[in-house]
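Remarks on the structure that follows.
The values are calculated or read from the model by the stated rules, or taken from the named source; none is laboratory data. Values in this document were obtained by computation on a predicted structure and should not be read as measured data. Glycine gets a Cβ as well: all are built from the backbone with ideal geometry, and neighbour counts include every protein chain shown.
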């Protein structure tokens, strides 16, 4: 069901971190293109957010989707302008989950694209109004995307729980991921608003979903926004649904930062190491401790990310 492609390019539009001096690191069948061209112009904007432009090439034809849109309304579009990257061939948008740092730039991006009836794939739970509560008593409100605003811009909303296939089967959206590990807790400090205006625990973040590409003769390339489902659960789910065992590349947020997630770092790193991915590019909410552990455990596979990094997998 997941058609093989000749290559996939993952362009990091929004990240927590920017380092325009990052040099290339070329593992086998993989290429990193640094962002030196941005040094002489307008600075790139970093924020606590995530957005990727994913482009597949098959039989000489290139097609793209946008996976998440960052936190700020204009952050992703600003970085596109600085890096001189057009989005005219965009075929769809995928939302990893309903947290603001992944959908905040949707309206600005949709207006930039200027196309009516552009599909937006998301899980129904992405519409939940949420907040994160911390042990200090502080709380951060995470409002969902605004359905009316998106529909007014002409977006075609596709609410899906099961896996979705885009670009004639070249990209799979994972759909809802089942949970089976005992060390990936979701978000125990998350709450969702109830119908009567109160709040209830909402730790599972069922709307969390990733995008997957099958690179011919290489294996799966998986791009994850936050991995609230647990990256080990995600890897098991994706390999089962696709029927493809080998993970060629793993890119994105692994949500292993903060005291709640600290106990999950060691078993997660061990489980990823056991799969022996060719390339791993952790970012966004992975956190320094987990990133350092992955770099130490998988030195030949590890690649540091930055806004503007272009990751090429395949021929």
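For a quick check of your reading: which strands (runs of 3 or more DSSP E) sit entirely within the range 244-315 and have at least 2 residues that are at pLDDT below 95, within 22 Å of residue 16 (Cα to Cα) and touching a strand residue (DSSP E or B) at 6+ places or on another chain (Cβ under 8 Å)?
310-314
Does residue 158 qualify as being touching a helix residue (DSSP H, G or I) at 6+ places or on another chain (Cβ under 7 Å), surrounded by 15 or more Cβ atoms within 10 Å (Cβ to Cβ) and closer than 29 Å to residue 4 by Cα?
Criteria not met by residue 158.
Residues that are within 21 Å of the chain's Cα centre (by Cα), touching a residue at least 60 places away in the same chain (Cβ under 8 Å) and closer than 19 Å to residue 70 by Cα, at least 1 per element: which strands (runs of 3 or more DSSP E) completely within the range 130-210 meet that?
Those strands (runs of 3 or more DSSP E) span 130-133, 171-173.
Go through (1) without any contact (Cβ under 8 Å) to a residue 12 or more places away in the chain; (2) within 27 Å of residue 261 (Cα to Cα) for residue 236 and report which single condition fails.
With respect to (1) without any contact (Cβ under 8 Å) to a residue 12 or more places away in the chain; (2) within 27 Å of residue 261 (Cα to Cα), residue 236 is out only on (1).
Looking at the structure I just gave you, is residue 123 surrounded by 13 or more Cβ atoms within 10 Å (Cβ to Cβ) and modelled with pLDDT under 95?
On the way: surrounded by 13 or more Cβ atoms within 10 Å (Cβ to Cβ): yes; modelled with pLDDT under 95: no.
Judged against the criteria, residue 123 is not a match.
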